[in-house]
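S.K.: Got a structure for you, written out below as structure tokens; questions coming shortly.
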Amino acid sequence: MIPPPGTEFSTRPSAIKKIGAAEIQILWSDGHMSTYRASYLRRHCRCALCVDELTGRPRLVPETIPEDLTILSVELVGQYALHFQWSDGHSTGIYPFAQLRALCPCEHCANALREDRSEGPLDATARE
């Protein structure tokens, strides 16, 4: 999950590398490596054009993002985020490092996320 504003997070990128036109790879300070497709990141944009600021509901229809989307440029935003210019013309989103780490699509992170979700509040039958 993304920590609340002002909360420090310990994992920061050690290296950020664009791979071809459609992928970015981040080596995290804890040694974990994440590789993201451009289309995957674009579908997770949290800018005001893609997510309603009042309701938090998505405005972006994920199916409208082409699989062959490319990264035209990537820049650091301060010491906390990345900003992308996408081949579909979109460029208003900022991707904080905590969000990028939470979005890691690797099997290890996906399994950890599933485990976190399954450890939710106990249901009535589990309490008996």
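Nothing in this text is a laboratory measurement; each read-out follows from the coordinates by a stated rule. Keep in mind it's a predicted model, so treat the numbers as computed, not measured. FYI the Cβ positions are ideal-geometry reconstructions off the backbone, even for glycines, and counts take in every protein chain you see.
S.K.: Which of the residues that make up region 71-117 are among the charged types (D, E, K, R) and within 11 Å of the chain's Cα centre (by Cα)?
M.R.: Keep residues of region 71-117 that are among the charged types (D, E, K, R), which gives 75, 88, 101, 107, 114-117.
Listed by number, the list holds a single entry, R101.
S.K.: Look through A112, A22 and report the one residue that is out of contact with any helix residue (DSSP H, G or I) (no Cβ under 9 Å at 6 or more places or on another chain), at negative phi and without any contact (Cβ under 8 Å) to a residue 60 or more places away in the chain. Talk me through it step by step, then tell me what you get.
M.R.: Numbers: A22 fails: out of contact with any helix residue (DSSP H, G or I) (no Cβ under 9 Å at 6 or more places or on another chain).
Selected residue: A112, the only one of A112, A22 that is out of contact with any helix residue (DSSP H, G or I) (no Cβ under 9 Å at 6 or more places or on another chain), at negative phi and without any contact (Cβ under 8 Å) to a residue 60 or more places away in the chain.
S.K.: Let me ask something additional. Inside region 1-109, counting only strands (runs of 3 or more DSSP E) that do not spill past its ends, which hold 2 or more residues that are of a type in the set (G, A, S) and loosely packed, with under 15 Cβ neighbours inside 10 Å?
M.R.: Details: elements: 13-19, 23-28, 33-37, 71-77, 81-86, 94-96.
Once the strands (runs of 3 or more DSSP E) in region 1-109 are filtered for at least 2 residues that are of a type in the set (G, A, S) and loosely packed, with under 15 Cβ neighbours inside 10 Å, what remains is 13-19.
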